[in-house]
Every structure is written in C-alpha cells, then in structure tokens.
Amino acid sequence: MMGVTMAFGERVLFRDLNLALNHGETIGISGPSGGGKSTLLRIAVNLVSPTAGRVLFHGKDVTEWDPRELRRSMILVPQQASMFPGNVRENLLWGLRIHRLEASEERLRDVLSQVNLPVSMLDKTAGNLSGGEKQRVAIARALLLEPEVLLLDEPTAALDDDSTEVVEESIQRVISDQDIGVMIVTHNSEQAQRLADRIIEIGNSRGGQ
Amino acid sequence: MMIQIPTLMDWLATLPPEVVTAAQGYVVAMILLAIILLLNRWQGLGVGNKLIVGTIRGTIQIILMALILVEIFALEDMIIIFAVLLFMATFAAYTVRGNLDYIPGVFRTSLPGVIVGGVGVMLLVTFLGIIQQRGEFIIPMGGMVIGNSMGMTSLILDRMWSNAQKQRALMETALALGATPLQATELTIREAIRSGMLPNLNRYASLGIVSIPGLMSGMIIGGANPVAAAFYQVIIFIMIFLATVVCGIIVSRLFLREMFNDRYQLTVPPPTE
Ligand SMILES: Nc1ncnc2c1ncn2[C@@H]1O[C@H](COP(=O)(O)OP(=O)(O)OP(=O)(O)O)[C@@H](O)[C@H]1O
Ligand SMILES: [Mg+2]
C-alpha cells in the first residue's frame, strides 16, 4: 500500500499509510476501536476505495484487477462471520461455486481439520453454529480457494477464551502449513505477538506508519 | 340572441340506457356512503374527509378515464391502444418511485421492467391472437398485467435494498469471496420474485372454489357467458405470471447497477436508525 489515506467526510482515519506484505509473511494490525482497521482491510481488496493513495497487488493497482480474480487471490474474512443459508458443506462450497470450481469430499475434510473442526460438522446447519465454529468455517471457506493472502478481521474478538484458543490454534496452523500471506487485525496484543512476524498500529491521532 | 343550453335531463336522455341505470345506482349508493360516514363519526375512525374527497375526486377521475376509453375504443387504432398502455406503464414506474423515495434510481430501473414485462406480454398475446384485438380487451387486461408488474417491481426493489442494509455483512462476505453483484444477490432476488408471485399463485390454486376473481366477475356482470369468462380468467393469470417474472428479472438486473459500482463495491449506505 502506498500513501493510503482514508477519510469519511471530515474524519480522517489514517493518512499516508505505507505498508507492504511480503510473500508468506504475517502482519498483525492493531489499533483503537473505530480506528479504521476493518476499513483498511476493505481497501486492500477494493471493497471500498481510499480517499487517496493506491494499493498494489503483484505490482498492479487493485482497481485494475478483475474484482473476482483479486478477491479470489486475496480473501477478506470479515469481522462478523456470516453464514449463507444451508449447511456447512454448502457454505464451504459457496466460494468455489461462484468461481465454477469443485472440491472432493476429501479436500473438504482436509480443510476442516486444518481449522480443527470435525467432519461431522459438514451436515450441520451453518446458521446454528457457535461463534467460534462459524469463524472457523469462514476461514475454511476462504482456504478452499487457495488464496495467496488471507485478511482476517478480528477473528477472535467476539469469542470466549476457550474458543479464542481453538481459533488461534487454527490460524497458527494455517500460517505454518501453508505458504500464505496473512494480515490479521486484533485487539489482543498478546495474540498479535504470538501470530505475527511484525505488528502495525493504525488509527492513532497522528495516523499510522 | 338565445343560446340553447341543454338541461341535465336532456343530456341524460342521450346516454345509453345501461349508463342511466348505473348512474341511478350510483345516486342511491350515496345512502351507503352516508351510513359509512355515520359509522366513521360514531367510531371516531377519522377517515370522513378521505371518503368524501375520494368519492368526488375518484368519480371525476374514473369517469374521465371512461370517457377517454369510449373515444379510444371507437378509434380501433392499435397504435393508440398500445400508446395508452405505455402511458400506464410510465405512470406505474412513477408510482413506484413515489412509494420508494428513499431508494435511488427507481424510475429508470422500473420503467424498462414494466414496459418489457407488462406491455411486452400484451403485445405477445395480441399478436398470437390469444385475446381479441380490441381496446375493450387489451386495455383492461393490460391494466391488470401492468398493475401486477408494478407490485412485483416495488417488492423486488424494497427487498433488495433492505437486504443490502440488513444483511450487509453477508453481502460483503459474498463479495469478499469474489462474487459478482448478481451472485451476491441471487438468493434475495429469487425469494423476492417468488414472494411477489405467491398471492396470485394462491388465488390461482383456489380459482373458482374460494374466489371468482375480478376479471371474471366483471365479465359476468357485463353479461358475458360465464364459461367464456372462465377461460379468460385463466388466460389473464398466465399473462400476469409471465409479465411479473419477466419484469422481476429485468428490474433486479438493472437495480444491481444502483446497488453496486463497476468495481463490485456495495454502494448502498448502511442503515440509518
Ligand atoms: N461507509 C462508511 N461511512 C461513514 N463512516 C464509516 C463507514 N464505514 C466505516 N465508517 C467509520 O469509520 C470508522 C472506522 O471503522 P472501522 O470499522 O474500520 O474501525 P475498526 O478499527 O475496524 O473498529 P473495530 O475495532 O470496532 O472493529 C468508524 O468510526 C466508522 O463509523
Ligand atoms: Mg473492525
């Protein structure tokens, strides 16, 4: 990201932010609530356009990418894990279906085990899962598309300590198993220390670096 | 110089007998209106003014409309008849815009849907000879088809818009997985079209048993053979289904341009409490 500034009306969230995510690296992003962390991740995948500055992915401006391709290679898992109607299997296949891809039952099992979910989960109604389970399904749903970069927005913010631990463990596994770049937004600075190679603060009064 | 001013009675004498009969009925029906007004005062419903103004204005509007129809039917000109349908479609789109004034782009989204769905179906059935090529058939049936397309349009726009606000997170999740606007709204659209069809599907299933619908009632009152009226009733249902589905498909596709930009970003603002 180069010189990215974001403002809603008068309110400037961050100014002239520069940030590079290297291949296979994990960056933690922290900052106060309302500081613009979620907005920053949305900007990265071109779900919103910054007020100024550009975002490059593989050297090409994200606005020049086909949005479908961009968001298949760099997937944002939003702050609130939302499930599509249907069971877990249908949810996992949702992302593949829109890209006209398929997955074997075995692949589904693999990806579930990556996020510490039992295979029996596949036929459960996604809407009835616990917060932590939904969060992990959302991560698995993204992983099935084999993205190069995963953007996780506060994956454990809404969870109790036990689920936080399981979800964090799943993320840890994803990071070490796979050659994948990760940006993870978190309030929890210890979690950031444990998971990330480096940590970036955004949304202070002076703007981030 | 004397100018011959026809009296009301002279004018009435020139009217066809069925109009005179209906007009007499209208006058007597004012007794019913008086009863409603009394009930209204007694129960404090507060709709008295609406009833009185509605009766006066509605009578004038609909009689004017009827006089125009008399002229149009007399012309027997298909181009004029379809111009009337186009006017109705435009008015329908305008009405939807008025009812959904918090949604942008309603008129330009609705108009093509109502025209292609509503007017298009009328062209088709006229061309195929399914209904008689006369204004007496095309305009009332067209009114029903266009009216139903209008209802479908406003339902779809309202559903798509409010889902984009209420289920914002889900829609963003879909986009974040690389979905196109159409893929992200597929389910909403399907459900909106289905629920737009549902009331008519119910009436369709209970046709003749629970209800004798408007068109058939009208034709029977007008003196048509009930069996002929029954055929037309089924035909009008089929026309309404085709028109509303076509209209729904077009309106939903066009509305995606108001909800998303070409970067596949959701442009619907979050709900303001
Ligand atoms: N579309 C929008 N229009 C106006 N303001 C917005 C919009 N989206 C976000 N904001 C504002 O931008 C600010 C930053 O929001 P953002 O969600 O990025 O913060 P955050 O750092 O993720 O906070 P949290 O830790 O609570 O998740 C908030 O004050 C929010 O109200
Ligand atoms: Mg946030």
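Antiparallel beta bridges, as assigned by DSSP with both residues in the protein assembly as shown, represent about 35 percent of the total such bridges. Sorting A:W94, B:W42 from the fewest to the most surrounding beta carbons within 10 angstrom yields B:W42, A:W94. Rounded to whole Å, give me the distance from the Cα center of the range A:59-91 to that of the range B:86-139. Going from one Cα centre to the other spans 38 Å. Among the trypsin sites (Lys or Arg not before Pro) within the range A:71-172, those in coil by DSSP and having at most 15 neighbouring Cβ atoms inside 10 Å are A:R100. With 32 Å as the limit, the listed pairs B:K50/B:K166; A:K60/B:K166; A:K37/A:K60 have B:K50/B:K166; A:K60/B:K166 beyond it between alpha carbons.
In this structure, the amide hydrogen of A:I29, modeled 1.01 Å from its nitrogen in the peptide plane, lies closer than 5 angstrom to those of A:I184, A:V185, A:T186, A:I200, counting only residues at least 5 positions away or on a different chain. Note on chain B: with a GNM built from Cα contacts shorter than 10 Å, the maximum mean-square fluctuation among B:L39, B:L157, B:L170 falls on B:L39.
Over chain B, the Kirkwood radius and the radius of gyration, each from Cα atoms, give a ratio Rg/Rh of 1.06.
Cross-link partners for A:K124 among the lysines, with Cα-Cα distance under 16 Å and sequence neighbours closer than 8 places in the same chain left out: A:K134. When each of the peptides B:139-147, B:223-231 is scored by how many other beta carbons lie within 10 Å of its residues on average, the order from highest to lowest is B:139-147, B:223-231. Helices assigned as whole DSSP H runs in chain B whose Cα atoms extend at least 15 Å along their own long axis and whose mean Kyte-Doolittle hydropathy is 1.6 or higher are found at B:48-75, B:78-99, B:226-259. When A:I171, B:I60 are sorted by how many other C-beta atoms sit within 10 angstrom of their C-beta, beginning with the fewest, the order is B:I60, A:I171.
Each residue in B:W161, B:W11 was given a count of other beta-carbon atoms within 10 angstrom of its own, and listing them fewest first yields B:W11, B:W161. Annotation for A:E102 and B:L86: the two label points, set 7 Å from Cα along the Cα-Cβ direction, are 5.0 nm apart.
What percent does the relative contact order of chain B come to when contacts are Cα pairs within less than 8 Å and at least six residues apart? It comes to 21 percent, rounded to a whole number.
Comparing A:V77, A:V48, A:V115 in a Gaussian network model of chain A, where Cα atoms under 10 Å apart are tied by springs, the biggest mean-square fluctuation is seen for A:V48. Computed with the Debye formula from one identical point scatterer per Cα of the range A:23-121, without solvent, the log10 of I(q)/I(0) at q = 0.16, 0.18, 0.24 Å⁻¹ comes to -0.92, -1.08, -1.33.
Readers should treat all values here as calculations from the given coordinates under stated rules, not as data from a laboratory. This structure is a prediction, so every number in the text was calculated from the model and none was measured. A quick note on method: Cβ atoms are made from the backbone with ideal geometry, for glycine too, and the neighbour counts reach across all protein chains shown.
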